[in-house]
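These notes are about the structure you will find just below.
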Amino acid sequence: LERTRAFIITGGRGSGKSSLASSLAESLRRSGASVGGVLAPGLWEEGVRGGFDAVDLGTGERRTFCRRNGPETWQALGAFRFSPEGLSFGLKALAEARRKDADIILIDEVGPLELQGQGWAPELDALAAERRKPMVWVVRSGLVAAVRQKWGLAQARVWEAGEERAEALLTEILPEAS
């Protein structure tokens, strides 16, 4: 029987996807699992999303990932400009998680940048091809079908942010890590 290996946390903008992913990472660690990858918590400025940081789940280090008002030299996509340093930092975190064989690899967030072959895409390609360890991908609702198709994740279990709690997800992921 093929094990799931891939899980997707989904929801609309501001639905709590990253918060659920962060809670899940903490719950997994408390259960003794090693978690690697990248978390992208949002930053709010006067009620508006001002950007995202990238957090290496293996080391806890944090870098600027994108900003609404980022320098014009940064790549623009939608309302945000992406820091080259933040991008390489996140890719390194994903590569380290893959190389060091973390029990579970978490990727927040897989979006338009990745679907265009940029952002985390080079590491997502490798992770999807290898499938040695369970992966949790954070994906906005409207992009789930495209992400599943691009990386062959048809069998991925999908969870809705706001409807699921980290503890419930834990019971499904932990058996896959062993």
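The values are calculated or read from the model by the stated rules, or taken from the named source; none is laboratory data. As the structure is a prediction and not an experimental result, all values here were calculated from the model. Every residue, glycine among them, receives a Cβ derived from its backbone with ideal geometry; neighbour counts consider all protein chains shown. Note: areas computed on protein heavy atoms with side chains; ligands, DNA, RNA excluded. Shrake-Rupley method; radii C 1.70, N 1.55, O 1.52, S 1.80 Å.
Name the single residue, out of those in the range 127-167 being in a strand (DSSP E or B) and among the aromatic types (F, W, Y), that is surrounded by the fewest Cβ atoms within 10 Å (Cβ to Cβ). Show your work before the answer.
Of all residues in the range 127-167, those in a strand (DSSP E or B) come to 135-140, 157-160.
Now restrict to residues that are among the aromatic types (F, W, Y): 137, 159.
Numbers: W137: 29, W159: 21.
Restricting to residues being in a strand (DSSP E or B) and among the aromatic types (F, W, Y), the top hit is W159.
Yes or no: R29 free of Cβ contacts under 8 Å to residues at least 60 places away in the same chain, over 11 Å from the mean Cα position of the chain (by Cα) and either more than 19 Å from W159 (Cα to Cα) or assigned to a loop (DSSP other than H, G, I, E, B) (or both)? Considered against the rule, which asks whether it is free of Cβ contacts under 8 Å to residues at least 60 places away in the same chain, over 11 Å from the mean Cα position of the chain (by Cα) and either more than 19 Å from W159 (Cα to Cα) or assigned to a loop (DSSP other than H, G, I, E, B) (or both), R29 comes out as yes. In the set (1) open to solvent by 20 Å² or more (accessible area, probe 1.4 Å); (2) among the acidic types (D, E); (3) in contact (Cβ under 8 Å) with a residue 24 or more places away in the chain; (4) farther than 20 Å from A126 by Cβ, D103 fails one condition alone, (4). Whenever a residue of the range 145-165 is within 23 Å of P175 (Cα to Cα), its partners that are of a type in the set (D, E, K, R) and surrounded by fewer than 17 Cβ atoms within 10 Å (Cβ to Cβ), lying with C-beta atoms within less than 8 angstrom and at least six residues away or across chains, give the pairs W151/D125; Q155/E2; R157/E172. Residues that are over 15 Å from the mean Cα position of the chain (by Cα) and open to solvent by less than 40 Å² (accessible area, probe 1.4 Å) within the range 32-65 comprise A33, G50, G51, listed in sequence order.
Given L113, L87, L124, which one is closer than 25 Å to S15 by Cβ, in a helix (DSSP H, G or I), open to solvent by 10 Å² or more (accessible area, probe 1.4 Å) and free of Cβ contacts under 8 Å to residues at least 60 places away in the same chain?
Numbers: L113 fails: open to solvent by 10 Å² or more (accessible area, probe 1.4 Å); L124 fails: open to solvent by 10 Å² or more (accessible area, probe 1.4 Å).
Only one candidate passes the filter, namely L87.
Going by the structure shown, is I173 buried (at least 16 other Cβ atoms within 10 Å of the Cβ), of a type in the set (A, V, I, L, M) and not in a helix (DSSP H, G or I)? Taking the combined requirement at face value, the residue does not satisfy it.
Residue-wise test of (1) at pLDDT below 95; (2) out of contact with any strand residue (DSSP E or B) (no Cβ under 8 Å at 6 or more places or on another chain); (3) over 17 Å from E130 (Cβ atoms).
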site: R67; (1), (2), (3): no, no, yes
site: P71; (1), (2), (3): no, no, yes
site: Q75; (1), (2), (3): yes, no, yes
site: G86; (1), (2), (3): no, no, yes
site: A93; (1), (2), (3): no, no, no
site: K100; (1), (2), (3): yes, no, no
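I'd like the residue in the range 32-58 that is among the charged types (D, E, K, R) and part of a strand (DSSP E or B) and, out of all such residues, is nearest to E96 (Cα to Cα). Result: D56.
Listed by first and then second residue, the pairs linking a residue in the range 4-23 that is farther than 19 Å from A156 by Cβ to a residue that is charged (D, E, K, R) and open to solvent by 10 Å² or more (accessible area, probe 1.4 Å), with Cβ atoms under 9 Å apart and 6 or more places separating them unless they lie on different chains, are R13/R49; R13/R140; G14/R49; S23/R165; S23/E167.
Any residue at all in the range 95-107 that is over 18 Å from S34 (Cα atoms) and either assigned to a helix (DSSP H, G or I) or hydroxyl-bearing (S, T, Y) (or both)? Among the residues of the range 95-107, not one is over 18 Å from S34 (Cα atoms) and either assigned to a helix (DSSP H, G or I) or hydroxyl-bearing (S, T, Y) (or both), which makes the answer no. Note on the range 32-81: residues that are of a type in the set (F, W, Y) and free of Cβ contacts under 8 Å to residues at least 24 places away in the same chain total 2.
Is there a residue in the range 6-26 that is basic (K, R), open to solvent by 60 Å² or more (accessible area, probe 1.4 Å) and at pLDDT 90 or above? Walk me through how you get there before you give the answer.
Let us first name the residues in the range 6-26 that are basic (K, R), namely 13, 17.
Next, only the ones that are open to solvent by 60 Å² or more (accessible area, probe 1.4 Å) stay: 13.
Add one more test, that the residue is at pLDDT 90 or above, and what stays is none.
The answer is no; no qualifying residue exists.
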